[in-house]
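The values are calculated or read from the model by the stated rules, or taken from the named source; none is laboratory data. Keep in mind that this is a model prediction, so the values were computed, not measured. Using ideal geometry, Cβ is built from the backbone for each residue, glycine included, and neighbour counts are taken over all protein chains shown. Ligands, DNA and RNA are excluded from the accessible area calculation, which covers all protein heavy atoms including side chains. Shrake-Rupley method; radii C 1.70, N 1.55, O 1.52, S 1.80 Å.
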Amino acid sequence: FLRRRLRAEIGLSGVAAEHERCADHLLERGNWNQAVRHLLEAENFDRAGEVIAAHGADWITSGKLASLASLAEALPAQVLEAHPRAMAHRAEVARLRGEFDTAQSLFRRAAAALRSKGDDEGEADALHSLATIARRQGDYDAAFQYLDRAIELTKPESAVRTKCGNTRGLCFVSLGEWTAAEREFRVALQSAEERNDEHHIRLITHNLGPPAMMRRDTGEALHWLRRM
């Protein structure tokens, strides 16, 4: 009733302006989820895509996958193309849900759009995600190709390089090449430590345990597991 009355009093443009004002208020407080909902109500799709592109990783880290997916899917296709990181975040949700065909399609589109924008870091991140899917599907040649290209696109201090090293190590684990896997994990761990990346430090430290166990070096394995 109150919404209908407001529309009657200030018109659709006035209601849209109020949604924009609410979005500004919420963005100042870091409430990306509700802010984007108001932007969608205001039909400011471009700004909504911009917010999802910039903060989609926060949704994923906090586990709000369904919310991110629904908001990204509400954007017109041309807006996703204009903000390919938003498309990449939607693809990541599909990957985490095990919807690999959908994820691959979206990541490939995102990588192409990011390439056209000159966003090397974003493209590399999308390629790394494609590598993780290829690894799960047992296509290690494709995984290595994606990882090699991602490394070419990034600088030495890039977080994507840390992820690529860890994923390459996991590929070697699946292939039974434990020495190569351990080498990749150690390089990735050093990269994570240089950036104080606690998440990947814990993840890679865990992954260093199995190679030591495989060569029956119990002390070394326990060292890594205790550190984790």
Fill in the blank from the handout: The long-range amide H neighbours of Ala74, using H built 1.01 Å from N in the peptide plane and a cut-off of under 5 Å, are none
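At most 13 other C-beta atoms within 10 Å and a DSSP loop state: those are the exposed trypsin sites (Lys or Arg not before Pro) I care about. Give me the longest piece of the chain that has none. Walk me through the numbers on the way to the answer.
Values: sites that count: Arg29, Arg97, Arg215, Arg216.
Counting at most 13 other Cβ atoms within 10 Å as exposed, the longest clean stretch of the chain is 98-214.
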Completion exercise
Note, the stretch 156-167: 3J(HN,Hα) by Karplus (6.51, -1.76, 1.60, θ = phi - 60°), whole Hz, Gly/Pro = x, goes x, 8, 5, 5, 5, 4, 4, 5, 5, x, 5, 5
Practice task
Quote the relative contact order of the stretch 10-58 in percent (integer), defining contacts as alpha-carbon pairs under 8 Å separated by 6+ residues.
Solution key: 32 percent
Practice task
Determine how large the accessible area of Asp119 is when every protein chain is in place; take a 1.4 Å probe and give Å² rounded to the nearest 10.
Solution key: 40 Å²
Practice task
Report, in deg cm²/dmol and to the nearest 500, the calculated mean residue ellipticity at 222 nm for the chain, where each DSSP H run with n ≥ 4 adds -39500 (n - 2.57) and the sum is divided by the residue count.
Solution key: -26500 deg cm²/dmol
Exercise for the section: Starting at the first residue of the stretch 58-68, write each ³J(HN,Hα) from the Karplus equation 6.51 cos²θ - 1.76 cosθ + 1.60 with θ = phi - 60°, in whole Hz, x for Gly and Pro. Expected result: 5, 4, 5, 4, 7, x, 8, 5, 5, 5, 4
Fill in the blank from the handout: Taking Cα atoms, the helix 32-41 axis meets the longest principal axis of the chain at an angle in degrees (rounded to 10) of 40 degrees
Exercise for the section: In whole angstrom, note down how far apart the Cα centers of the stretch 180-228 and the stretch 102-163 are. Expected result: 23 Å
Completion exercise
Eigenvalues of the alpha-carbon gyration tensor of the stretch 116-156, times 5 and square-rooted, give semi-axes in Å, largest first, of 20, 10, 7
Problem - Orientation-averaged projected area, Cα convex hull of the stretch 121-186 (nm²) - result: 3.8 nm²
Exercise for the section: Would you kindly work out the equivalent ellipsoid of the chain from its C-alpha gyration tensor and give its semi-axes, the square roots of five times the eigenvalues, largest first in whole Å? Expected result: 41, 18, 14
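Sort the stretch 86-141 into rounded, prolate or oblate with this rule: let a ≥ b ≥ c be the square roots of the eigenvalues of the Cα gyration tensor; rounded if a/c is under 1.5, and if a/c is not under 1.5, prolate when a/b is larger than b/c, oblate otherwise.
The shape class here is oblate.
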Exercise for the section: Would you please give the residues with an amide H less than 5 Å from that of Glu177, counting only those at least 5 places away or on a separate chain, with H modeled from the backbone geometry? Expected result: none
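Would you kindly give the portion of the calculated P(r) for the stretch 77-174 that falls above 16 Å, as a percent of all Cα pairs? Write down the numbers at each step before the final one.
Values: 2427 of 4753 pairs.
Cα-Cα pairs of the stretch 77-174 separated by over 16 Å account for 51 percent.
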Completion exercise
In vacuo Debye sum over C-alpha of the stretch 130-228, base-10 log of normalised intensity I(q)/I(0) at q = 0.10, 0.16 Å⁻¹, listed in q order, is -0.25, -0.64
